[in-house]
Structures are given as structure tokens and as C-alpha cells.
Amino acid sequence: MPYLSKDERREAILQAAMRVALTDGLAAMTVRRIAAEAGVATGQVHHHFASGGEVKSLALVRLIRALLDAEVVPENATWRERLHAMLGSEDGSFEPYIRLWREAQILATRDPDIKSAYVMTMEMWHQETVAIIRAGAEEKAFTLSDRPENIAWRLIGLVCGLDGIYVLNMPEMDDAAFNKHLDKLISLELY
């Protein structure tokens, strides 16, 4: 690897960790695997990060931030379309990110670094959802019967529950059923 400043080297290692996470998952993110992907010695990972857990959690947060920031609807989309996309996009290219988020939820029960990162990503998702609900309400596209924060948590809770059923490949929970249930709760909450 060519000479890089300390910040550039740290970023290169973090980018390598993100690639490992997306291709192989969080459990595969060992310091050795990250170092190999970055083309550095394992000592370099330890030099730039306090622990393997730190680099894993930073990679998770950065990847989920990218997922939340992805442009999945056109600028002229309705507020309902924006909200639906924030809660359940059908864009198949996001599947590696969703798989990673699912894995983080499981690992959070036994890994404090992953738990902290997972909680942070859920809060980020909540903030983005609240922002869409508020903006839609300001433009009179949504009618609020409760605080946007509460509505957002209920919608996120539904999506997480539906996703848990979806991954079981139950015939009653395909993409169409997922979207139907999500649309129904959006209608109940905001119209």
C-alpha cells in the first residue's frame, strides 16, 4: 500500500472492514480478515482502532448511514412514497445492507460494541422516519393523531416484525404482503 497519512490509512482500513461486512457479514470481520482486505499488517488495524469491536461497529454505522441516505425515490415522489421507501424499499441492491442489519440485531445480544452500533443505527432510522413524517404533515400530506416520534416507532416496529416473518420464507409473507401490511399501517397512522 502506498504511503498514506494516519487519517487516510485509518479510512482505508475502515473501507476494507465495510467491504468485508457487506460480502461476508459481521461475524467474518476479524482483525486478520480486515487487515488482509486492506493490505496491511494486523498491527496496523490495532494501531488505528482501539479494538476489533470498534472497527466493526464503525463499519456497521457507516454502512447503515449509506443505506438510509440512498436515493430510492425520485425528487417528485409523494410523502407517502418517501415514507414507504424509508421503511421498506424493494431495491434488491440493498439486500446486503439489510442482511447485515439483521445479523447485527442477533449479535447485539452478546457483543456490546455491536449492540451500541445497532442501537445507534435504529435511532438514525427513527430520526429519518420522523423527519419524513414531520415534513409530510407540514405539507398537509399526513394527518397526525400522535407525536411523529411515536408513529415512527410503531411503523419501524411493524417493519421489524414483518421482516422477522419474511426471513422465515413463510408463503403468507412475500413482498406483496409485506407492502400491503406496511401500506395499511401508514394509512391507519397518517390518513
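The values are calculated or read from the model by the stated rules, or taken from the named source; none is laboratory data. Because the structure is predicted, anything quoted here is derived from the model rather than measured. When we count neighbours, we look across all protein chains shown, and the Cβ atoms used for this are built from the backbone with ideal geometry, even at glycine.
Some points to look at:
- Meets criteria (touching an Asp or Glu at 6+ places or on another chain (Cβ under 9 Å) and farther than 27 Å from Gly136 by Cα) for Glu54: yes
- Applying a threshold of 7 Å to beta carbon distances and a minimum spacing of six or more residues, or different chains, the list of pairs starting in the range 160-187 at a residue that is farther than 26 Å from Ala137 by Cα and ending at one that is of a type in the set (Val, Ile, Thr) reads Met173/Ile165.
- Scanning the range 2-21 for residues that are modelled with pLDDT under 95, in contact with a helix residue (DSSP H, G or I) (Cβ under 7 Å, 6 or more places away or on another chain) and either loosely packed, with under 15 Cβ neighbours inside 10 Å or within 17 Å of Tyr97 (Cβ to Cβ) (or both) yields one hit, Leu4.
- The range 23-46, residues that are farther than 21 Å from Pro112 by Cβ and either in the same structural domain as Pro96 (by TED's automatic domain parsing) or in a loop (DSSP other than H, G, I, E, B) (or both): Gly39, Val40, Ala41
- Arg62 vs. criteria more than 27 Å from Ala17 (Cβ to Cβ) and charged (D, E, K, R): no
- Residue ranges of helices (runs of 4 or more DSSP H) in the range 56-169 with at least 2 members surrounded by 14 or more Cβ atoms within 10 Å (Cβ to Cβ) and in contact with a His (Cβ under 9 Å, 6 or more places away or on another chain): 148-166
- In the range 139-156, the residues that are among the hydroxyl-bearing types (Ser, Thr, Tyr) reach residues that are part of a loop (DSSP other than H, G, I, E, B) with C-beta atoms within less than 8 angstrom, at least six apart or across chains, in these pairs: Thr143/Tyr191.
- When the range 47-92 is filtered for residues that are closer than 30 Å to Asp183 by Cβ, modelled with pLDDT of 95 or more and β-branched (Val, Ile, Thr), the ones remaining, listed by number, are Val61, Ile64, Thr78.
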